[in-house]
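I have placed the structure first, in the form of structure tokens, so that the comments after it can refer back to it.
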Amino acid sequence: MKISASIYSDKSRSLKDVVYDLEQHQVNLLHVDCNDDPSVFDDLKEIRSFCDLPIDLHLITSNPDQYFDLLRDNPVDYLTFQHEDLTDELHIPNDITAKKGIAITTDTPINVFDNYLDFDFILIMATVPGQSGGAFARDNFYKIRKFRRRYPSKSIHVDGGVNGEVSFILRNLGVSCSVSGSYLFTSPSIGHALFNLQSRNLGSTYTVEDFMLPIEDCPTVDSDEKSLKIALETIEEGNLGFCLMLNEDQTLSGLISSADIRKSLLNNLDELHTLSVQRMVNNNPLTVRNDSTVIELLKLIKSAKFPVMYLPVVDKQSKAKGIVNFVHLIKGEV
């Protein structure tokens, strides 16, 4: 996951000192907020005089047309428009070649992106826009999952409340870029903060239930199911490589994966007609509790004697609540 550093979050140093510090720590992007203020482009011109890091401009205005000439004179690499401030349909000239995104606040539904399907990414504002140091709103975990499912080819950027713990969750959900401001500049050092954002987490505020794939969106079959065809179809439709086996009371009875089926077929080639789904099920899969913290989740993964690609989530009564899968962490940066 790329880190876009919000340059105006450090008000104690000159712009040149801030950008130089970020450049030395190899931050990925420079995030610049333009709240209907043309003088911001003077800062862009200054930055370009001594730094070639990609610029990530967030334009908050009801009249973006007035900025197009400024953008031609001061090209940026990423250009984001704030949806809630727009009063008319956007018409971006073809010679504005930045990657384009639309920003939405927590209260705005993600399906507004239907109006911006030619854009490259969405920027989800996870705190109140302009509020430095605010807490990440949990509802945005669901919004990110929903956007990823609805627009799988588009990138997701997030701004607001991202600390080390939230960063781990966002990477797990497939977010490709995170904007960081106060967390970067209030840490002991920028390097320390970047390490936490890109490598590990500190503290635990959120639980597995906050960011898991809920059970209603998971591939499941009845534990009494004997049809291999139905099991295979469920795995294929779920697109996760496995499905959960559930008892009538929704308790987890096991898990069956594509690998389990493949191994069973290889081991029983001479008697395939006798092979039942029940013989392929892992009846004791590794699971995680829905109320586990992120730290507890990480400890569980590290203690496992095998690579963990996904985890069924259960409550204290062993009822299935969802799935955590790690496909985006395995893929690395998007």
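Cα axis of helix 40-50 to longest principal axis of the chain: angle in degrees, 0 to 90, nearest 10?
The helix 40-50 is inclined about 80 degrees to the chain.
Which order do the peptides 292-303, 174-185, 27-38 come out in when sorted by mean C-beta neighbours inside 10 angstrom, highest first? Walk me through the numbers before you get to the answer.
Values: 292-303: 16.0, 174-185: 23.0, 27-38: 19.5.
Packing proxy ranking, top to bottom: 174-185, 27-38, 292-303.
Positive end of the dipole of the chain, charges at C-beta (+1 Lys, Arg; -1 Asp, Glu), about the Cα centre: which of THR108, SER223, LEU30 has its Cα farthest in that direction?
SER223
Calculated from DSSP H runs of 4 or more alone, at -39500 (n - 2.57) each and per residue, what is the 222 nm mean residue ellipticity of the chain, nearest 500?
Estimated from H runs of four or more residues: -8500 deg cm²/dmol.
Calculated FRET efficiency, SER12 and TYR142, Cβ-Cβ r, R0 35 Å, to nearest 0.05? Don't skip to the answer; put the middle values down first.
Values: r = 37 Å, r/R0 = 1.04.
With R0 = 35 Å, the Cβ-Cβ based efficiency is 0.45.
Can you compute the equivalent ellipsoid semi-axes for the stretch 1-83, i.e. the square root of 5 times each eigenvalue of the Cα gyration tensor, sorted largest first and rounded to whole Å?
Numbers: eigenvalues 88, 35, 30 Å².
They are 21, 13, 12 Å, listed from largest to smallest.
Once you compute Rg and the Kirkwood Rh from C-alpha atoms, what is the Rg to Rh ratio for the chain? If you can, show how the numbers build up before the last one.
On the way: Rg = 23.2 Å, Rh = 22.0 Å.
Result: Rg/Rh = 1.06.
For the residue pair ASP107 and SER227, what label-to-label distance in nm results when each label sits 7 Å from Cα along the Cα-to-beta-carbon direction?
Inter-label distance under the simple model: 4.8 nm.
Given a Förster radius of 25 Å and the C-beta distance between ARG150 and SER189 as r, what FRET efficiency does 1/(1 + (r/R0)^6) yield to the nearest 0.05?
0.05
If Rh is defined by the Kirkwood formula over all Cα pairs and Rg also comes from Cα, what ratio Rg/Rh do you get for the stretch 213-331? Intermediate values should be presented prior to the final figure.
Numbers: Rg = 14.6 Å, Rh = 14.9 Å.
Rounded to two decimals, Rg over Rh is 0.98.
Between the helical axis of 139-150 and the dominant principal axis of the chain, each derived from Cα atoms, what acute angle in degrees is found, rounded to the nearest 10?
The angle comes out near 80 degrees.
Kirkwood Rh over Cα pairs of the stretch 65-216 into Stokes-Einstein at 10 °C, 1.306 mPa s: D in µm²/s?
Values: Rh = 16.6 Å.
Rounded, D is 96 µm²/s.
Roughly how tilted is helix 190-199, in degrees to the nearest 10 and between 0 and 90, from the longest Cα axis of the chain?
30 degrees
None of the figures in this text is laboratory data; all of them are computed from the coordinates on show. Please read these numbers as outputs of a predicted model, since none were measured by experiment. We place every Cβ from the backbone using ideal geometry, glycine too, and count neighbours over all the protein chains shown.
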